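A quick write-up on the structure given underneath.
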Amino acid sequence: MAQKKKVGIITFHASHNYGSMLQAYALQQVILGMGHDCEIINFRTERQREFYRPMFMRGEFIDRLKRSVVYAPYISAWRKKHRLFECFLNEKYHLSHGEYATLEELECAGLNYDVYISGSDQIWNTRAFDFDWAYLLPFAGSSRRVAYAPSMGPVPFQSISSEDKAKKMADLLGHYDCISVREQQTRKMVTQLTGRDCAVVLDPTLLISPEVWSEMAGDTPLIKGDYIFLYTPWYDENVYMEAGKISNQSQMPVINSLLHTELLLNLKIMRQHFNFHLTTGPIEFLNLCKFAKYTIGRSFHLAAFSIIFRKPFYAVEGMKDSRVIDLLRLTGLEQRGIDVSSNFSKIPLTVEYDAAHHQLSSARELSLEWLHKSLS
């Protein structure tokens, strides 16, 4: 039996983003299931915390007052949504005792893990607003360093925007004992920076059985009747345009869980007869995916959970996004990547999932084996 280790994960666990929080939960559950002690290091930068506050709570007093008037009909739902994310964070994770906002605080914290893991998600995308060098473990001392499935974003070769950043990234990567990444293009970037090859493994959400996610999603749909679930972390005209086509074709409503930062965009969405379901935290997101008739968006994790729940999905411009490309190729579902210039009507509404799940099962075994060995 492998020796029990004390493991600390650092990732975007506190990002009020469905995929970010669910992948953090999944990785911790997998490591706990291997018999190790495992905590998520509660690292939350102030810029990340500020960004995920409801819009009417951001900025200076005058700005907050103006937004409170403009978004008055949504304030109650927005507050509840914020609470749902915070409850998930505090109730579903095993967190470190302390909370840390800067790399300097981590360096002074006296953390004592046998193994430090840079978890999944876009934590190595230096263009992400909440990127921090802490996600490359400069504070880990002489402990073992492992990277499990981090991503450098949709276009990794554009994510490191300067020679200084590339040099610093290469130096920090050189201290890792084991490196795996989520996509082939991130793998190529790591090799270019360090001269080292690395494994490509599954996102943590795909390491957990569909039955576990289904149980967490619940047995009662939040939305009655058939619907299309739309999710994109940012406004994308193409996503809404294609969703409208599916809605007209199927005569089903479109459910959207996000308000966007510009009021005019939200009014435009409402005029298109898309429906908001704002009180959606990570668990509610799973529910909306599980019971949807179809899903559509520009989100890696929307595609991942659609596959998990065997739902027909449309990944808009999916074959132009390194994060989605590998998932669609692995599962043989490249046709689900919608090119908006293509003939949408030729894309089938149904999906055959048996072969896709067989491929995922094989990849899951290899990914779990890699993680198990890396923690030994």
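The values are calculated or read from the model by the stated rules, or taken from the named source; none is laboratory data. On a predicted model such as this, the values are computed, not experimentally measured, just so you know. We place every Cβ from the backbone using ideal geometry, glycine too, and count neighbours over all the protein chains shown. For the accessible areas, the whole protein counts, side chains as well, though only heavy atoms, and no ligand, DNA or RNA atoms are used. Shrake-Rupley method; radii C 1.70, N 1.55, O 1.52, S 1.80 Å.
Any idea which residue in the stretch 278-324 is farthest from E91 (Cα to Cα), counting only those that are of a type in the set (A, V, I, L, M, F, W, C) and in a strand (DSSP E or B)? Before you say what the answer is, go through the steps one by one.
First pass over the stretch 278-324, keeping only residues of a type in the set (A, V, I, L, M, F, W, C): 278, 283, 285-286, 288-289, 291-292, 296, 300, 302-305, 307-309, 313, 315-316, 319, 324.
Imposing the further condition that a residue be in a strand (DSSP E or B) reduces the set to 296, 313, 315-316.
On the way: I296: 29, F313: 30, A315: 31, V316: 33 Å.
Out of the qualifying residues, it is V316.
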Exercise for the section: Please specify each residue of the stretch 84-103 satisfying the condition of being free of Cβ contacts under 8 Å to residues at least 24 places away in the same chain and farther than 28 Å from E284 by Cβ. Expected result: H97
Practice task
Identify, from the list L375, L327, L360, L371, the residue that is more than 22 Å from the chain's Cα centre (by Cα), modelled with pLDDT of 95 or more, within 28 Å of I123 (Cα to Cα) and open to solvent by less than 40 Å² (accessible area, probe 1.4 Å).
Solution key: L375
Practice task
Please enumerate the residues belonging to the stretch 269-312 that are open to solvent by 10 Å² or more (accessible area, probe 1.4 Å), in contact with a strand residue (DSSP E or B) (Cβ under 9 Å, 6 or more places away or on another chain) and of a type in the set (S, T, N, Q).
Solution key: Q272, N275, S299
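Residues to consider are T232, T205; find the one that is touching a residue at least 60 places away in the same chain (Cβ under 8 Å), of a type in the set (S, T, N, Q), under 30 Å from W370 (Cα atoms) and open to solvent by less than 20 Å² (accessible area, probe 1.4 Å). Working first, answer last.
Values: T232 fails: under 30 Å from W370 (Cα atoms).
Among T232, T205, only T205 is touching a residue at least 60 places away in the same chain (Cβ under 8 Å), of a type in the set (S, T, N, Q), under 30 Å from W370 (Cα atoms) and open to solvent by less than 20 Å² (accessible area, probe 1.4 Å).
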Fill in the blank from the handout: The residue from T331, T295 that alone is touching a residue at least 60 places away in the same chain (Cβ under 8 Å) and either within 22 Å of E183 (Cα to Cα) or in contact with a Leu (Cβ under 8 Å, 6 or more places away or on another chain) (or both) is T295
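Any chance the stretch 352-370 includes a residue that's part of a loop (DSSP other than H, G, I, E, B) and over 26 Å from E215 (Cα atoms)?
So far as the stretch 352-370 goes, no, none of its residues is part of a loop (DSSP other than H, G, I, E, B) and over 26 Å from E215 (Cα atoms).
To keep it simple, each residue is scored yes or no on (1) open to solvent by less than 40 Å² (accessible area, probe 1.4 Å); (2) over 22 Å from W234 (Cβ atoms); (3) at pLDDT 95 or above.
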{"site": "F88", "(1), (2), (3)": "yes, no, yes"}
{"site": "E104", "(1), (2), (3)": "no, yes, yes"}
{"site": "E107", "(1), (2), (3)": "no, yes, yes"}
{"site": "Y113", "(1), (2), (3)": "yes, yes, yes"}
{"site": "Y116", "(1), (2), (3)": "yes, yes, yes"}
{"site": "D121", "(1), (2), (3)": "yes, no, no"}
{"site": "Y135", "(1), (2), (3)": "yes, no, yes"}
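Please state which one of T186, T194 is buried (at least 19 other Cβ atoms within 10 Å of the Cβ) and touching a residue at least 12 places away in the same chain (Cβ under 8 Å).
Values: T194 fails: buried (at least 19 other Cβ atoms within 10 Å of the Cβ).
Result of the check over T186, T194: T186.
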